[in-house]
Structures are given as C-alpha cells and as structure tokens.
Amino acid sequence: MKRILLLILVSIILSPHAQGAEPEQFVPCYKYRIYLKDKGRRTAPLLKHPERYLSPRSIERRERQGLAIDYTDLPVYGKYIRDVASTGVEVLLRSRWNNTLVVQCEDTTLIDAVRELPFVKEAVQVAHYEKSPLNIKTDRLNTLSQEPPKPDTSYYAQGMSQITSLNGLPLHEAGFRGEGMCIAVIDGGFLNTDTIPAMQNTRIVGTHNFVMPSVSPYGWNNDHGQAVLSCMGANTPYVMVGTAPDAEYWLLLSEDGNSEQPVEEDNWAAAIEYADSVGADVINSSLGYGSYDAPYGKVPSYEHNGRTRLVSRTASMAASKGMIVCCAAGNSGEEILSTIAVPADADNILTVGSVATIYSKHGHSRDVMFFSSRGGSYDGRIKPDVVCEGLKVIGSNGARTFSYGTSISTPVMCGMVASLWQALPELTATEIIDIVRRSGNHADAPDNTWGYGEPDFVKAWEMGKSLAAQKAAAAGN
C-alpha cells in the first residue's frame with residue numbers, strides 16, 4: 001500500500017529493545033500460497049447445508065438478493081489442511097473462494113513435500129522475511145492528545161463538507177444513517193480507536209488482525225485505519241459525524257506496513273471472506289497494490305484486469321455474495337500510464353477517486369485531484385467508477401486534522417452507500433452500485449479520470465425507489 005496510497009499520519013516505529021540490549025535473533029522465514037485442485041469428496045451434500053459453514057446473516061443476505069450458494073462458498077477441505085500441515089509447514093490462512101492456503105516455513109525444502117501431495121496444484125512463494133516485524137506500538141496511549149477537540153457550531157463539524165458534497169444530508173434527515181447495516185473496514189491498523197473520545201459512540205462489533213492475530217488492531221503501529229473509520233463511523237456531534245454514523249463496524253487488519261509482499265493479497269482475501277462470514281453488507285478497502293519488494297517486482301499492467309491477481313478476483317466475487325466493495329483507486333495520478341491499483345481494477349465494485357474544490361487567483365473549480373489514480377482497467381472498463389471528496393479525519397491522537405488521498409475519499413463514499421442501501425433494502429448489491437454510478441455528474445460521458453463523476457445520493461435514492469417499485473410490480477404480476 002505504501003507505494004500506492006498516501007498514508008495520512010506519520011507513525012514512528014519504536015524499538016522494543018532497551019538501550020544496550022542484545023538485538024533479537026531472527027531466523028528468516030518464507031510464506032507460500034498453496035493452490036488446491038478441488039475441495040475433496042461429497043461437496044454436493046454440503047451445498048444443501050450452508051448453515052454448517054456460513055453465518056445466518058450471511059445466508060440471509062444471499063437469499064434476500066436471490067443469490068445461489070455455490071462451490072466457492074464451500075470451506076477448504078479439512079483433510080487437505082491437515083495433510084499439508086503434516087509436512088512440517090505451518091498453515092496460516094485459507095481462502096474458500098480461491099481454494100488456497102498460505103503456509104509458513106523456515107526450511108524451504110518442506111515445500112517440495114507439499115508440492116508432491118496429490119491434491120496440490122501449485123505452490124508459489126508470496127513472502128520472504130529477513131528480520132522480525134516490529135508492529136506493536138508499546139506506548140500508544142502516550143500519543144493521545146490531552147486536549148479534546150473544541151465543539152464546532154456545525155452538527156457534522158469535521159464531516160460537514162464531505163457529506164454535503166454528495167448531497168447526503170437528506171438521507172440522514174430521513175433517518176437513513178446506516179442503521180442495521182454492517183460495514184467491514186479492511187485496513188492497516190486502528191491505533192487508539194478504542195480510546196479516542198470522539199470515537200466512543202462508533203458501533204464497533206469486532207476486530208481481527210490477519211497479519212499477527214495475537215496483536216490487537218488498536219495497538220498496531222499504524223493509524224491509517226483510524227482516520228479511514230472516522231470518515232464514516234465517527235458519531236460525536238459538533239466534533240465529527242461521518243456518513244454512516246449508525247452502522248455497525250468490523251475492523252479487519254490485513255496490511256503489514258514493514259514490507260510490501262504478495263502475501264498481503266492473501267491477507268486481504270482472508271479478511272473479505274471473514275467479513276462475508278460475519279454478515280457484512282459493505283466493505284471499505286483503502287488499500288491498493290502496484291509493486292512489491294524484491295524479488296516480486298511490479299504488477300504488470302496487463303494483470304490489472306480484475307481477474308488475474310488473487311486480490312482482484314476476490315473483490316470481483318464479493319457482489320456474487322451480495323456485498324458491495326468500495327475500494328480506493330490509488331494515489332499515482334501523476335504517472336503517465338494507467339495507474340489504477342489492484343484490487344481497484346476489480347469488476348462489480350465501486351472504485352473511488354478523489355475530487356476537491358481547487359482555488360486559484362482566477363477563482364475556483366471542482367476537479368479531480370492531481371494524485372488520484374487514473375484508469376481504466378486493462379480490459380477497457382471505466383475506472384475509477386466514481387469520485388468523492390475526502391479531506392478531514394480524526395487522527396490516532398484524537399484530534400481533528402486534514403488529510404487527503406483516495407484512501408480518505410473512499411470511506412466517505414462507503415458510508416453513503418451503506419446509508420443508501422438502508423433506504424433501499426429491496427435492491428441488490430449490483431443494483432445499488434449501478435444507481436450510484438448513474439447518479440454521478442459525469443454519467444452521460446464517463447471517462448477514466450472522473451469515472452461516472454460525483455454521485456448525488458438524493459438522485460440515486462429517487463432512482464432506487466423507482467427501481468424498487470418496478471420490481472414490486474413485476475413480482476405482483
């Protein structure tokens with residue numbers, strides 16, 4: 001992510017060793033993605049009993065939208081997992097949608113034994129660590145500001161310009177503020193979110209760290225997720241109110257800020273599948289990838305097609321599970337060629353660029369920010385899908401601050417999408433995505449800078465009510 005998205009607040013990595021102490025001895029280790037040929041025997045009976053592997057809310061979401069539970073929903077075959085582990089590697093992650101495992105080992109010859117297993121299709125190295133990660137913020141509470149933000153005269157305060165730019169206030173005033181919707185935030189860390197006064201009214205229902213499960217996302221040495229969450233989940237009037245203040249939130253950590261390696265695609269896939277399993281409706285991902293540390297290199301342009309990269313395939317599948325993914329386009333807009341990151345290239349998602357009012361001596365104009373990644377996808381689809389303002393956040397010290405980047409625009413959009421879906425529960429994920437696009441101010445002539453433009457959520461609401469009425473009439477016939 002650090003090569004694609006602009007982090008908002010600077011985090012300082014502090015050594016856990018006392019001065020003069022012996023440095024930690026670390027044995028290099030490796031991670032591999034294991035592709036499996038199938039999901040074992042007797043898969044047909046399992047499809048008839050989804051309650052064995054999906055939560056009631058996840059099943060209800062599919063049923064409500066008329067979506068079938070299919071082969072990709074089935075869990076990875078347990079015997080295969082045990083057989084892989086018996087070779088001596090440690091199984092870290094599994095993906096039922098992609099039928100893959102991620103394993104870790106210090107001795108790479110163990111992978112030869114894994115490759116010999118009859119059900120293994122391929123084993124690909126996705127990470128190589130030469131030093132121990134230092135991701136724990138041991139003194140995190142000392143970073144909190146001792147002076148709470150002074151109340152503003154505006155109810156939305158820090159969030160006012162962001163919601164008004166999308167014409168979102170009428171939805172909130174009608175009672176559609178995300179109530180009953182579940183949003184999963186996949187990000188790089190939520191430093192101090194649990195202790196910041198302005199975040200105490202945010203409805204956080206759970207967390208999970210997919211990089212280092214034993215460490216709380218609140219103590220992770222990364223504050224990006226906190227800033228992202230504040231744009232939609234903050235609910236402290238006259239300090240900051242976000243675009244979905246009444247929604248429920250799962251905070252899922254998938255980003256390892258100490259390195260940039262392909263395994264983060266597997267972390268992300270595990271996070272979105274976890275979000276599916278707990279019943280999330282909408283996903284916010286302000287992460288993106290374009291190049292990795294040596295020896296993995298840059299993602300080739302021809303792979304930005306929504307199908308080749310594991311992370312993009314996984315994002316593209318989300319709509320088939322009844323979820324909406326809002327994904328940051330990236331912050332490489334100054335590059336000459338198409339700069340959309342992965343998984344922002346995915347199909348059936350909302351890829352979000354950044355827009356703002358630009359002031360000069362000649363006046364002001366609304367324009368796409370210089371850094372906002374341009375598209376489209378390699379296979380010719382419009383990217384970004386929409387653009388949005390994102391400039392104001394609450395940082396990990398609890399203070400209001402300014403920021404920018406598509407990673408901040410995305411959660412502003414995501415919160416409004418959740419509020420819109422609350423207002424239009426009859427519509428499917430793909431129908432919501434469609435009306436959000438068509439409500440944009442460039443919908444008549446979309447391009448790879450603006451996408452479909454800035455959505456007007458009142459317009460989208462009216463479109464949605466009309467569509468819901470048509471569906472009801474058709475069902476009545």
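When the surface is traced with a 1.4 Å probe over the full set of protein chains, LYS121 keeps roughly 130 Å² accessible. Computed on the Cα trace of region 261-312, the radius of gyration divided by the Kirkwood hydrodynamic radius gives Rg/Rh = 1.02. Highest mean packing first, where packing is the average number of other Cβ atoms within 10 Å per residue, the peptides 188-200, 135-147 line up as 188-200, 135-147. Entry comment: accessible area of the chain is 41 Å² per residue, from protein heavy atoms only and a probe of 1.4 Å. Of the residues ARG61, ARG177, ARG115, ARG400, ranked by 1.4 Å probe accessible area with the largest first, the sequence reads ARG115, ARG400, ARG177, ARG61. Across TRP450, TRP268, the residue with the most accessible area heads the list, and the full order at a 1.4 Å probe is TRP450, TRP268. For the chain, a/c is not less than 1.5, where a ≥ b ≥ c are the root eigenvalues of the C-alpha gyration tensor, and a/b does not top b/c. That puts it in the oblate class.
Round to the nearest 0.05 the FRET efficiency obtained for LYS471 and GLU60 when R0 = 22 Å and r is the Cβ-Cβ distance.
On the way: r = 18 Å, r/R0 = 0.84.
So, using R0 = 22 Å, E works out to roughly 0.75.
The loop-placed GluC sites (Glu not before Pro) in region 39-116, going by DSSP, that have at most 10 neighbouring Cβ atoms within 10 Å of their Cβ come out as GLU116. Under 1.5 on a/c is rounded, so check that first for region 305-358, then, if it is not, pick prolate when a/b is larger than b/c and oblate when it is not; a ≥ b ≥ c are the square roots of the alpha carbon gyration tensor eigenvalues. Oblate is the answer for region 305-358, as a/c is 1.5 or above yet b/c matches or exceeds a/b.
Considering only protein heavy atoms and a probe of 1.4 Å, how much of the accessible area of the chain is carbon and sulfur, as a whole percent? Answer for the chain is 52 percent, counting heavy atoms of protein chains only.
Checking every one of the GluC sites (Glu not before Pro) in region 267-348 against DSSP loop status and a limit of 15 other Cβ atoms within 10 Å picks out GLU334, GLU335.
Computed over the alpha-carbon pairs of region 163-313, the distance histogram in 5 Å steps reads 2, 9, 18, 20, 18, 14, 10, 6, 3, 1, 0 percent, short to long.
Counting only DSSP beta bridges with both residues in region 264-422, tell me the antiparallel percent, nearest 5.
55 percent
Kindly identify region 34-192 as rounded, prolate or oblate by the Cα gyration tensor criterion: order the square roots of the eigenvalues as a ≥ b ≥ c, call it rounded if a/c is under 1.5, otherwise compare a/b with b/c, prolate if a/b is larger, else oblate. Oblate, because a/c is 1.5 or more while a/b does not exceed b/c. Using the rule -39500 (n - 2.57) for each DSSP H run of four or more residues, divided by the residues of the chain, the 222 nm mean residue ellipticity is -7500 deg cm²/dmol.
Say the cut-off is 29 Å between C-alpha atoms; which of LYS383/LYS459; LYS392/LYS471; LYS39/LYS321; LYS298/LYS383; LYS361/LYS392; LYS37/LYS383 go over it? Cα-Cα > 29 Å for LYS392/LYS471; LYS37/LYS383; rest within.
The values are calculated or read from the model by the stated rules, or taken from the named source; none is laboratory data. Since we're looking at a predicted model, the values are computed, not measured. With ideal geometry, Cβ positions are generated from the backbone for all residues, glycine too; neighbour counts draw on all protein chains shown. With ligands, DNA and RNA removed, areas are computed over all heavy atoms of the protein, side chains included. Shrake-Rupley method; radii C 1.70, N 1.55, O 1.52, S 1.80 Å.
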